[in-house]
Amino acid sequence: MKQLIPENIKEYLANTPQITFEITERCNLSCVYCGYGKFYSDKDARYDRMLDTQNAIAFLKYIKSLWDSGYQGAEANILHISFYGGEPLMNMPFIKEVVAYIEKELLAYKKIVFSMTTNALLLPQNLDYLVSKGFRILISLDGDRIGNTYRVFPNGQPAYDYIVKSIDYARNTYPDFFRDNISFNAVLNNCNSVKSIRDFFMENYGKTPSIGEINTSGIREDARELFEKVHKSKVDSEEEAALESKPTCFQDSPEYMRSARYIQTHSPYTYHDYNELLLGRGKSNRMPTGTCLPFAKKVFITVSGKILPCERISHKYALGRIEDGQILLDFKEIADKYNAYYERVNRVCQKCHDYLSCLCCMFYNGQLENEKSVCSFFVNKQMARVNQNSAYSFLRKYPEAYSYIMNKLKIV
Ligand code: SF4
Ligand code: SF4
């Protein structure tokens, strides 16, 4: 198994394609399934704080200093800067100051793309600015009125009508921007379905939304019953949608995504990373699990200045912090930490039949919870055979799917 060294971490950080700032804990909604809400125990408590603008700028200056010292790789020529909350539009002064710094200091180094995820309530009054800076905006909306049962104001009143009004304002005021820069994300729950969500967005906005499940890790024991009621599995709902729509092409088949993932990850023509491409496919060249290398995919800065490899994982996995404008990152400590995690999970992973094709994140699959915990997606021999048979029978039914899956579909 390959070992990480401090220099690797520094390079990944300098060339990270995305930096996300959690700029406020404030939100004008109080969604029942919120990742920081009553279901969860693994995130820091929320206190209405705002991320200190000078700390964020200090972090960007630190990244710039890495570029100036020769760590900027030639291929990493786009950096995505994302603003995350809470509701990011509740901290516009932060956004304007950071964007102004970036435009003055960083544009000479690479192309910068700004983005945010928002509930859209404050979109109308901020739209002129966001359009002028070419923001990419992801609006959270769970389909129709019923599907949005859990998107509510703090007093419990439904937010659906207000959100739709803001979206309509954006569409009518800047139709081109709406078409090119605005997309949607829906959270699957027991009041909607993959089909109802897709139908809603296609009929009303001519768009296909991304659809996510409610986060299943870090659930509080006293909230488990309500969580189970509200949570809906995406795989199950996709299969239901496919059954209801009577597939006319392979993309409509209930087995499509599962089979496509199997085919790509087991193909000798796809590579998980450059090590596999150059050194061949084998356990010695591959890190266990599908976890991204630290900062290689993104960096997430929490409102209190913690530095994490992404926003989806527990804050206990923070890799450093920003304090009074100082960047506290110890690259050796991070490399040692990851090597120790890999060594620990590898004891189970090397017995797993999905080892060479795993896309699972170790921060997310329960493996690191405690000494005895194991991955909830472990694949034994029998399960591996079932997966293989199911992919083969899919290909026998839709032979034309192979070329599309290998050449056009992006999963890995
Ligand atoms: S969930 Fe895991 S693999 Fe995915 S970006 Fe976050 S840390 Fe990386
Ligand atoms: S045990 Fe889990 S993380 Fe490890 S290879 Fe199998 S599916 Fe992946």
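The values are calculated or read from the model by the stated rules, or taken from the named source; none is laboratory data. Since we're looking at a predicted model, the values are computed, not measured. Every residue, glycine as well, gets a Cβ built from its backbone with ideal geometry; the counts of neighbours run over all protein chains shown. We work out accessible area using only protein heavy atoms, side chains counted, and drop any ligands, DNA or RNA first. Shrake-Rupley method; radii C 1.70, N 1.55, O 1.52, S 1.80 Å.
Brief remarks follow.
- Length gained when the stretch T173-R49 is fully extended (0.36 nm per residue, less Cα-Cα span): 41.4 nm
- Each label point was placed 7 Å from the Cα along the Cα-to-Cβ direction; for E213 and E369 their separation is 1.4 nm.
- Accessible surface of the stretch 361-404 [probe 1.4 Å, protein heavy atoms]: carbon and sulfur percent: 55 percent
- Dipole magnitude of the chain, debye to nearest 20 (Cβ charges: Lys/Arg +1, Asp/Glu -1, about Cα centre): 880 debye
- Computed on protein heavy atoms with a 1.4 Å probe, the accessible areas place T118, T53 in the order T53, T118, largest first.
- Spatial separation of Cα centroids for the stretch 367-412 and the stretch 181-255, in angstrom: 20 Å
- Of all accessible heavy-atom area on the stretch 1-120, the percent that carbon and sulfur account for (1.4 Å): 50 percent
- Net length gained if the chain between Y109 and K410 were fully extended (0.36 nm per residue, minus Cα distance): 105.5 nm
- For the chain, the Kirkwood estimate of the hydrodynamic radius, built from every pair of different alpha carbons, is 23.2 Å.
- Counting charges near E311 (Lys, Arg +1; Asp, Glu -1) among other residues having Cβ under 9 Å from its Cβ returns a value of +1.
- Inter-probe distance in nm under a simple model that places probes 7 Å from Cα toward Cβ, at N380 and H266: 1.9 nm
- Where only DSSP H runs of four or more residues are counted, the chain gives -11500 deg cm²/dmol as its mean residue ellipticity at 222 nm, each run worth -39500 (n - 2.57).
- Surface listing: T302, T173 arranged by accessible area from highest to lowest gives T173, T302, probe 1.4 Å.
- From the C-alpha gyration tensor of the stretch 129-207, square roots of 5λ in Å: 23, 15, 10
- 12 Å beta-carbon shell around S233, net charge (K/R +1, D/E -1): -4
- Formal net charge of residues neighbouring E87 (Cβ-Cβ distance under 10 Å; K, R +1; D, E -1): 0
- Taking the charge dipole of the stretch 282-412 about its Cα centre, with +1 at Lys and Arg Cβ atoms and -1 at Asp and Glu Cβ atoms, the residue from C349, C310, P399 reaching farthest to the positive side is P399.
- Taken over the stretch 23-89, the percentage of Cα pairs per 5 Å bin, counting from 0 up to the bin with the maximum distance, is 4, 13, 17, 19, 13, 12, 11, 8, 3, 0.
- Value in Å of the Kirkwood radius, where the stretch 304-343 supplies the Cα pairs that are averaged: 10.9 Å
- E7 versus E240: modelled label distance in nm, points set 7 Å from Cα along the beta carbon direction: 5.4 nm
- Per residue accessible area in Å² of the chain, where ligands, DNA and RNA are left out and the probe is 1.4 Å: 50 Å²
- D176 accessible area, 1.4 Å probe, all protein chains in place, Å² to nearest 10: 90 Å²
- With contacts taken as Cα pairs under 8 Å and at least 6 residues apart, the stretch 1-114 reaches a relative contact order of 41 percent.
- Compared with the direct C-alpha span, the chain from Q251 to M202 gains 15.9 nm at full extension, assuming 0.36 nm per residue.
- Which of L106, Q264, L141, positive extreme of dipole for the chain (C-beta unit charges): Q264
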